[in-house]
1. Could you give each residue of the range 56-72 its phi-based ³J(HN,Hα) in whole Hz, using Karplus coefficients 6.51, -1.76, 1.60 with θ = phi - 60°, and x for Gly or Pro?
2. Could you pull out every residue, at least 5 positions away or on a different chain, whose amide H is within less than 5 Å of the one on SER53? Hs are placed 1.01 Å off N in the peptide plane, and Pro or chain starts have none.
3. Of the DSSP beta bridges with both residues in the range 44-94, give the percent that are antiparallel, rounding to the nearest 5.
4. Rounded to whole Hz and in sequence order, give me ³J(HN,Hα) for the range 80-89 from the Karplus expression 6.51 cos²θ - 1.76 cosθ + 1.60, θ = phi - 60°, writing x for Gly and Pro.
5. May I ask you to order 65-74, 51-60, 37-46 by the average number of other C-beta atoms within 10 Å around their residues, highest value first?
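What follows draws every value from the coordinates through simple rules; no lab data is involved. Remember, predicted model here, so these are calculated numbers, not experimental data. Cβ sites come from the backbone with ideal geometry, for glycine too, and all protein chains shown count toward neighbours.
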Amino acid sequence: MNLWVFSKMKKWKGGSDTGNISRAKKKAMKPLKEELEAYRECGIALYLDGCPSDPRSIAKACMIAEDGGYMRDYTEDERGRIAMVSFDFIRNNE
């Protein structure tokens, strides 16, 4: 049994090698994930669509959102410091 990788199939089918799509998505979501991890380390609560969440889940949701995107909402404490960051899905009007 022969196992063919996509780049070898390229020669047979005439397609182009697109690289690892999964790796590209992970690279694109890394800055957001790191930003959210810094917030969490400072004790700032993170929410996704009204539910407590973690940096990885929020970054992933932002990357795969279809027919819309996520809007950030910052909530301050009584001293004016960020206390909570919420990500709420906003549907595109088309």
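1. Rounded to whole hertz, the list is 5, 5, 5, 4, 5, 4, 5, 6, 9, 4, 10, 6, x, x, 9, 9, 7.
2. LEU46, TYR47, LEU48
3. If we restrict to bridges inside the range 44-94, about 75 percent are antiparallel.
4. For the range 80-89, the Karplus curve yields x, 8, 5, 10, 7, 10, 10, 10, 10, 6 Hz.
5. 51-60, 37-46, 65-74
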